1. How large is the charge dipole for segment 93-218, taken about the Cα centre, if only the Cβ atoms of Lys, Arg (+1) and Asp, Glu (-1) carry charge, to the nearest 20 debye?
2. For the cross-link pairs K97/K160; K101/K160; K103/K144; K97/K207; K144/K200, which exceed 31 Å when the distance is taken from alpha carbon to alpha carbon?
3. Shape call for segment 104-184 from the C-alpha gyration tensor, a ≥ b ≥ c root eigenvalues: rounded (a/c under 1.5), prolate (a/b greater than b/c) or oblate?
4. Go through Q182, C157, L122 and say which Cα lies farthest out towards the positive end of the charge dipole of segment 66-185; charges sit on Cβ, +1 for Lys and Arg, -1 for Asp and Glu.
5. Give the separation of the Cα centroids, segment 78-95 to segment 183-198, in Å.
Amino acid sequence: MSKKHKNEAEKAPKADVTPEEVSDQQKPDLSNQSEGGAEADQAKNLENPSSDQAKAAETAEAGSSDSDKALADALALVQDLEDKNLRLAAEFDNFRKRSRKEKEECYSLAKLDLVRDFLPLLDALDRAQDSYAKLEEDHYQQLKEGMDLLVRQGQDCLAKLGVEEIPTQDAQFDPNLHEAVQHLEDPQYGENTIIDCLLKGYQADDKVIRHSMVRVAN
């Protein structure tokens, strides 16, 4: 080598890297590009969800809607059953009251009919008592005791049925309870005063079985 070439070689700058390093430096940096691409793909996936994710979301939403509808239907059914139960209880209570009232009315009417048929016997006994004075003394007491016993038994039967005699002694005439068969003008009595009872009347359960037949003054 000549001296000139030797000097130029010495003046040329020395290489700082090896050929392998140069080759590596010439390769593109894929790490940053890979990381950036992954982030971009993730953002893209967030902005545009896949069809499977969309279907899953729709299925979940549909399931929630079906559950809410089923719950609403169940609550409506329970409310309807409660309303029907209340109406049924009210109807049964009304039926029970009506039945009890009808039973009481039937019993009352049957009792009135029975007493009405029984009254002629009491009337006969009352007339028999009035005839005591016409009997001879030796037979009077014995017959009187027997008749009084029959009258008391008849009155006891009526009392057990809730039947009461309509009062007439010293009572004021009441057309709801009495039937006037005669009117007399007598100053010793007050107006509409009952003088005498010709036929006893009876009542039960605030219903008149038979009006008392009376004579009324003034």
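1. Working: 17 positive and 26 negative charges, 185 e Å.
Value, rounded to 20: 900 debye.
2. Details: K97/K160 25 Å; K101/K160 21 Å; K103/K144 41 Å; K97/K207 21 Å; K144/K200 20 Å.
K103/K144, as the Cα separations exceed 31 Å there.
3. Values: a/c = 2.78, a/b = 1.38, b/c = 2.01.
In terms of gyration-tensor shape, oblate.
4. C157
5. Cα centroid of segment 78-95 versus Cα centroid of segment 183-198: 61 Å apart.
Read-outs throughout are calculated quantities, based only on the coordinates presented, and are distinct from any laboratory measurement. Nothing here was measured: the structure is a model prediction, and the numbers come from that model. Cβ: placed from backbone, ideal geometry, glycine included. Neighbour counts: every protein chain shown.
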